[in-house]
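Trainee: Right, I'll just put the structure down here and ask away after.
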Amino acid sequence: MSTTDIRGQRLVTSLVGLSVLLLAGCGQDGGSSPDAPPASASGSVALSPTHGELTGGNLVLADTGEDTDGPITARFGETEVECPFDERSARHACTAPSSGTPGTVEVSFAAGGNGIGEKTAYTYTTQGTQDIPVLTVDTETVRRNAEEIRADFPQDVQLGAVLKNGEPVDVFGKVIEDAADVEYLFVPKLDDAIALREAGVQARIAVLYAAQVEDIPLLVHYDVEVPATDPAWVDAAEQVLATTGGTLKVHLWVDTGMGREGVVPEEALPLARAVEDASHLELAGIATHFSTITAEDAQAIERNDTTNTTVAQKNRFDGAVAAIRDAGLGQDALIHAGASDVLDNGIEALYYDLLRVGGMFFSSSPPESSVYSWTTELSQVKTLPEGWCIDYGCTDPTTSPKKVGLIHHIPSRENELAYTVGGKQVPVLLDHGTVVTLDLSEVPGAAAGDEVVIDFSAEAFHLLDATAPLPVTTTGG
C-alpha cells in the first residue's frame, strides 16, 4: 500500500469542524513549488475552492477566462485531469487528484493540447474544510531551530524530538530529523508514528502514554516503541507477540508526581521484572516527566532540598531506577526525564541519557520570525446603534454606536485567541465559532476584506494547540 493510500485512510474520517495544515515547499511529489503562484493569482483564472484535502476527489470549478464550453485538461502539479464543462456554474468541473504531501501546486489548463488561460494555484491540506482559515507553518524556522538546538546540545546526551503539534507530523518529523539528526521521535499516538515511518523517518520512534494490545502487530511492523503500562498489559502483549514473532521495545514510565502516565515508584520494579520475564519484550527506556521545572531547581538539587518539587520527583525517580538496576534489570535501558524546560534552564542533573525536546523546535520571536501565521479576513463591517444587543440574553448592550467586524468558522481552541486588524489587537464581542464579532472601535478605517491576524500566542507556548486540527500550509521548503 502506498503512502498516499495509507494516509488517505487516516484522513477520510472526521471532516466537519476540522482545520488544515498546508505545507508548501516540502519537496515531495505533489507538494508545493517555490515558484508556485499564490492561490489568489491575479488575472481571470479562478478556482473554487482554492484548497482541499490530500485525498483529493473533491469538485474544483475552474474559470479559465476563455470562451470555451468544450472539455479541457487541468494539470495539478504533475497530475493531469479531464474537466468537462458544467452548464450550471458555467465553469469547467475538475476532480482534484490526490497528493502525498500538503502544500501548494501550480495549476495550468489546456484545450486540444494547447495551453489556455493563466496559471494559478491549488493548495493541498491535511484534515479540514474550505471554510476554516488556513494556518501557515514556516518550516524553514522549524529547520533553523532544529539546527540551533543540535549545535548547542550537550554531548553524550541523546536528542529526542517530541511532536505533539498534530498534522502534518510526517513533515515536521522529516524536517527535524534531517536538520538535527535526532536519535528519537516521540509522538502521542500510533497514527503519528506510522505517518513518520511512511515519510521515511529512520530515527527510533516511541509512542507516549499508552498503546493498545491489538495494535502490537503494527507496532512490530513499523518498529515503534511503546510504554509498558502494567504487568497485565505485559502478559497480554506477550501472548500476541508469541504469534507474530519479533521483539517489541518498551519504555517503563514512572509517575513521580505528575499524576499522569506511568506507575508509582514502588510498582516500577515489579513491572520491570514482568518485562524481563517476557520473551518478546525489551526494556528500552525508563522515564518520568517533571511537573514543575524552574531556574532555581539546579541549586535545589545540589542542596538536596526535598521541599523542592523537582528534587522530590528526582529522588523518587532515581530510587526507582536504582531498584531496577540493583536487581540486574534494565542495564542498557535509556534513562530519560527532562524536557525542553530542563534544557532551556541548563539543569544538567536532569539530563540523564536523553532529553525530550518539543516546544523549542517551534519557538519564534514575532514579528521578526514566526513559525505560525493564521489569517482570515473581515467578511462584514457595520456600525451597531447605541443600546444594541450583543449575544444571547442581551446582557451587555452597546452604550454608544460601535463599529464591528464579522469573521467566520474559527475552530474553538484550548488557548485563548487574539485578533489583530490593521496592526491593532481588537476585543471579541461575540464568539459563536461559526461567527465571531470583533470590536473595531479602535480601527476606524477597517473595511470588509481587510486581513485579520489570528494569534494563539505561539511565541509563549510554542506547541500548536492541536485539539482542533487546522487547515495548514507550509512555506520555507
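Trainee: Look at the stretch 220-250 and say how many of its residues are open to solvent by 50 Å² or more (accessible area, probe 1.4 Å), under 20 Å from Val201 (Cα atoms) and of a type in the set (A, V, I, L, M).
Mentor: 0
Conditions (1) without any contact (Cβ under 8 Å) to a residue 12 or more places away in the chain; (2) part of a helix (DSSP H, G or I); (3) open to solvent by less than 10 Å² (accessible area, probe 1.4 Å), marked per residue:
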site: Ile293; (1), (2), (3): no, no, no
site: Ala300; (1), (2), (3): yes, yes, yes
site: Thr306; (1), (2), (3): yes, no, no
site: Lys314; (1), (2), (3): no, yes, no
site: Asp318; (1), (2), (3): yes, yes, no
site: Ile324; (1), (2), (3): no, yes, yes
site: Asp341; (1), (2), (3): no, yes, no
site: Ala349; (1), (2), (3): no, yes, no
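Trainee: Another one. Could you list all residues from the stretch 102-138 that are more than 20 Å from Leu59 (Cα to Cα) and not charged (D, E, K, R)?
Mentor: Gly112, Gly113, Asn114, Gly115, Ile116, Leu135, Thr136, Val137
Trainee: Being under 22 Å from Ile176 (Cβ atoms), among the small types (Gly, Ala, Ser) and either touching a residue at least 40 places away in the same chain (Cβ under 8 Å) or out of contact with any Pro (no Cβ under 6 Å at 6 or more places or on another chain) (or both) is the requirement here; does Ser373 meet it?
Mentor: yes
Trainee: Separate question: Can you tell me which residue among Glu87, Glu66 is at pLDDT below 90 and more than 30 Å from Lys174 (Cα to Cα)?
Mentor: Only one candidate qualifies: Glu66.
Trainee: Next up: Specify which of the listed residues (Leu417, Leu470, Leu438, Leu430) is open to solvent by less than 40 Å² (accessible area, probe 1.4 Å), over 27 Å from Ser364 (Cβ atoms) and either modelled with pLDDT of 80 or more or not charged (D, E, K, R) (or both).
Mentor: Leu430
Trainee: Write out, first by first residue and then by second, each pair whose Cβ atoms fall under 8 Å of each other, whose residues are 6+ apart or on separate chains, and whose first residue, in the stretch 170-195, is within 22 Å of Val226 (Cβ to Cβ) while the second is of a type in the set (S, T, N, Q) and at pLDDT 95 or above.
Mentor: Between residues of the stretch 170-195 that are within 22 Å of Val226 (Cβ to Cβ) and residues that are of a type in the set (S, T, N, Q) and at pLDDT 95 or above, the close pairs are Glu177/Gln202; Glu183/Gln158; Tyr184/Gln158.
Results for (1) in contact with a His (Cβ under 6 Å, 6 or more places away or on another chain); (2) assigned to a loop (DSSP other than H, G, I, E, B); (3) modelled with pLDDT of 95 or more; (4) closer than 27 Å to Asn145 by Cβ, shown as yes or no for each residue.
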{"position": "Pro366", "(1), (2), (3), (4)": "no, yes, no, yes"}
{"position": "Trp374", "(1), (2), (3), (4)": "no, no, no, yes"}
{"position": "Glu386", "(1), (2), (3), (4)": "no, yes, yes, no"}
{"position": "Cys389", "(1), (2), (3), (4)": "no, yes, yes, no"}
{"position": "Ser400", "(1), (2), (3), (4)": "no, yes, yes, no"}
{"position": "Lys403", "(1), (2), (3), (4)": "no, no, yes, no"}
{"position": "Arg413", "(1), (2), (3), (4)": "no, yes, no, yes"}
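Trainee: Please determine, by comparing only the residues of the stretch 145-169 that are touching a residue at least 12 places away in the same chain (Cβ under 8 Å) and assigned to a helix (DSSP H, G or I), which one is most open to solvent (accessible area, probe 1.4 Å).
Mentor: Glu147
Trainee: Now a separate question. Does the stretch 96-119 include one or more residues that are of a type in the set (Gly, Ala, Ser), more than 30 Å from Ala179 (Cβ to Cβ), in a strand (DSSP E or B) and out of contact with any strand residue (DSSP E or B) (no Cβ under 6 Å at 6 or more places or on another chain)?
Mentor: Yes, the stretch 96-119 contains a residue that is of a type in the set (Gly, Ala, Ser), more than 30 Å from Ala179 (Cβ to Cβ), in a strand (DSSP E or B) and out of contact with any strand residue (DSSP E or B) (no Cβ under 6 Å at 6 or more places or on another chain).
Trainee: Filtering the stretch 418-457 down to residues that are of a type in the set (A, V, I, L, M, F, W, C) and over 13 Å from Leu378 (Cβ atoms), which residue is nearest to the chain's Cα centre (by Cα)?
Mentor: Step by step, filter the stretch 418-457, then rank; the result is Phe456.
Trainee: Can I ask one more? Restricting to the stretch 82-105, name every residue that is surrounded by 14 or more Cβ atoms within 10 Å (Cβ to Cβ) and within 19 Å of Gly65 (Cβ to Cβ).
Mentor: Passing the criteria: Cys83, Phe85, Asp86, Arg91, His92, Ala93, Cys94.
Trainee: Which pairs have Cβ atoms under 8 Å, sit 6 or more apart or on different chains, and link a residue in the stretch 90-108 that is within 19 Å of Val134 (Cα to Cα) to one that is among the hydrophobic types (A, V, I, L, M, F, W, C) and surrounded by fewer than 21 Cβ atoms within 10 Å (Cβ to Cβ)?
Mentor: Ala96/Leu59; Ala96/Val81; Thr104/Ala39
Trainee: Quick check: is even one residue across the stretch 244-252 part of a loop (DSSP other than H, G, I, E, B) and closer than 17 Å to Gln331 by Cα?
Mentor: Within the stretch 244-252, not a single residue is part of a loop (DSSP other than H, G, I, E, B) and closer than 17 Å to Gln331 by Cα.
The values are calculated or read from the model by the stated rules, or taken from the named source; none is laboratory data. Remember, it's a predicted structure, so these values are computed and weren't measured experimentally. Reconstructed Cβ throughout: ideal geometry from the backbone, glycine too, with neighbour counts over all protein chains shown. Protein only, heavy atoms only, side chains kept; ligands, DNA and RNA dropped before computing areas. Shrake-Rupley method; radii C 1.70, N 1.55, O 1.52, S 1.80 Å.
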